[in-house]
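To start, the structure itself, in structure tokens.
The values are calculated or read from the model by the stated rules, or taken from the named source; none is laboratory data. The structure displayed is predicted, hence computed values, not measured ones. So basically every Cβ, Gly included, is an ideal-geometry build from the backbone, and we count neighbours across all protein chains shown. These area figures cover heavy atoms from the full protein model, side chains too; ligands, DNA and RNA do not enter into them. Shrake-Rupley method; radii C 1.70, N 1.55, O 1.52, S 1.80 Å.
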Amino acid sequence: MKKQVLTGIKPTGKVHLGNYIGAIKPALELARQESYQPAYFVADYHGLTKIHNKEEMNELSRGIAATWLALGLDPSKAIFYRQSDVPEIFELSWILACFSPKGLMNRAHAYKALAEGNAQAGKEADTGVNMGLFTYPILMASDILLFQTEVVPVGKDQIQHVEIARDIAESFNHTYGVTFTLPHYIVEKETAVLPGLDGRKMSKSYNNTIPLFEEPKKLQKLINKIKTDSSPPAAPKNPDDSIIFSLYKEFASEAKADEMKNRFQSGIGWGEAKKELFEVMNEFLEEPREKYRELMDSPEKLNEILMDGAEKARKKTRPFLQEVKRKIGILHS
Ligand code: ADP
Ligand code: TRP
């Protein structure tokens, strides 16, 4: 039996290097291993907690799908779908909501951060919080548990959500006997948090991202914007303390990364280091960028792939949901 691995990305912004290194790259590496059955998806209904514009939702959602494929996800091997095309997820989400203590949601970090921010600004705690955002972790638990997922590759900030999924599963299992598989998260250790242009976590919320499929010229410009100190070119630099090196080693071969490490230690100008970073990144991204553009230009083809994926997903989710419903006494056969 293959191990089920599952992860989703919500369409709330252009995919950036942090998303790639923290979530997509490790997920693609697992998908290549024979012992795993991957289910990777576009979490469009999670995106709806934030994106309330038709064109934007459509464009961003296609963008996530095209990104997965452009980076090498093989839809004939993986189950690759749009969350909104698998209605069983939403049915299970309600069932799980009835096993989710409200207090657990109060403690979920996205909601908590908003509520605390509101309090600090002297506003009512729940200002700007919709119920989709508040119950976000339940829908995510449903994504995970419906596929009997064992492994969830995510960035560090999503650990809490996977733990919530486990808690909900345990609570259900406790009442009805073992039903849901308890999921584990996997976090890419070395780059658990990739820094952005200003040194804080790269995030669309901070406006400090490098979009993955940026045109070469723009890419170069963004790399030039990376914050560095004022040490002179000849001064030795600590590679482990540098955003430029953190990025470089993600795209270069091990040998090249070692070489760059030495150059940092013996002194390299920031301008030179940035130029080298651009080259290695651009070389890696050229082909996927082209593929991404092709897919974005053929929405029908993209849609067909996703609909096929949803059909595959539902073959798996329909019978399992029936089993769950039977356990709770909703189906009487
Ligand atoms: P953002 O912070 O830009 O809003 P998301 O919350 O949509 O990004 O994250 C999508 C996935 O990418 C998650 O698994 C998240 O943990 C991962 N991720 C996002 N930013 C980074 C980063 N700077 N370093 C590592 N992983 C990241
Ligand atoms: N919440 C995740 C994020 O913001 C996206 C997501 C939705 C997800 N459902 C999931 C990730 C299930 C892993 C498993 O990045």
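Do any of LYS3/LYS218; LYS218/LYS312; LYS2/LYS275; LYS189/LYS256; LYS10/LYS315; LYS189/LYS237 go past 32 Å between their Cα atoms, and which? Those over the limit are LYS3/LYS218; LYS218/LYS312; LYS2/LYS275. Expressed as an acute angle from 0 to 90° and rounded to the nearest 10, what is the orientation of the C-alpha long axis of helix 88-97 relative to the principal long axis of the chain? For helix 88-97, the angle is close to 80 degrees. Apply the a/c threshold of 1.5 to the C-alpha gyration tensor of the range 1-48 and tell me whether it is rounded, prolate or oblate. Cα axes put the range 1-48 in the oblate bin.
In the frame of its principal axes, the chain has Cα extents of 76, 51, 38 Å, reported largest first.
Count the DSSP beta bridges whose two residues both fall in the chain, then state the antiparallel fraction as a percent rounded to the nearest 5.
Around 10 percent antiparallel, to the nearest 5.
Rolling a 1.4 angstrom probe over the protein heavy atoms with all chains in place gives the range 119-218 an accessible area of 49 Å² per residue. Our note on the geometry: Cα centres of the range 119-198 and the range 256-308, 29 Å apart. Once divided by 2.2 N^0.38 Å, the Cα radius of gyration of the range 213-293 becomes 1.11.
Rounded to the nearest 10 degrees, the angle from helix 159-176 to the longest Cα principal axis of the chain is 20 degrees.
With the convex hull built on the Cα atoms of the range 27-156, state its orientation-averaged projected area in nm². Over all viewing directions, the range 27-156 projects a mean Cα-hull area of 9.4 nm².
In this structure, the amide hydrogen of HIS16, modeled 1.01 Å from its nitrogen in the peptide plane, lies closer than 5 angstrom to those of LEU212, counting only residues at least 5 positions away or on a different chain. Counting only alpha carbon atoms, the long axis of helix 54-70 and the longest principal axis of the chain meet at about 70°.
For the range 279-333, which trypsin sites (Lys or Arg not before Pro) are both in a DSSP coil and crowded by at most 10 other Cβ atoms within 10 Å?
For trypsin sites (Lys or Arg not before Pro) across the range 279-333 that sit outside H, G, I, E and B with at most 10 neighbouring Cβ atoms in 10 Å, the list is empty.
For the range 182-275, trypsin sites (Lys or Arg not before Pro) meeting the loop criterion (DSSP other than H, G, I, E, B) and having at most 16 other Cβ atoms within 10 Å: LYS189, ARG200, LYS227.
Counted residue by residue at 0.36 nm each, then reduced by the alpha carbon distance between them, the extension gain from HIS52 to SER333 reaches 97.0 nm.
Sparse packing (at most 16 other Cβ atoms within 10 Å of the Cβ) combined with a DSSP loop state is found for the following GluC sites (Glu not before Pro) in the range 183-269: GLU190.
Note on CYS98 and LYS2: their simple-model spin labels are 3.4 nm apart, each label 7 Å out from Cα toward Cβ.
With a Förster radius of 35 Å applied to the C-beta separation of SER35 and SER230, the computed FRET efficiency comes to 0.10.
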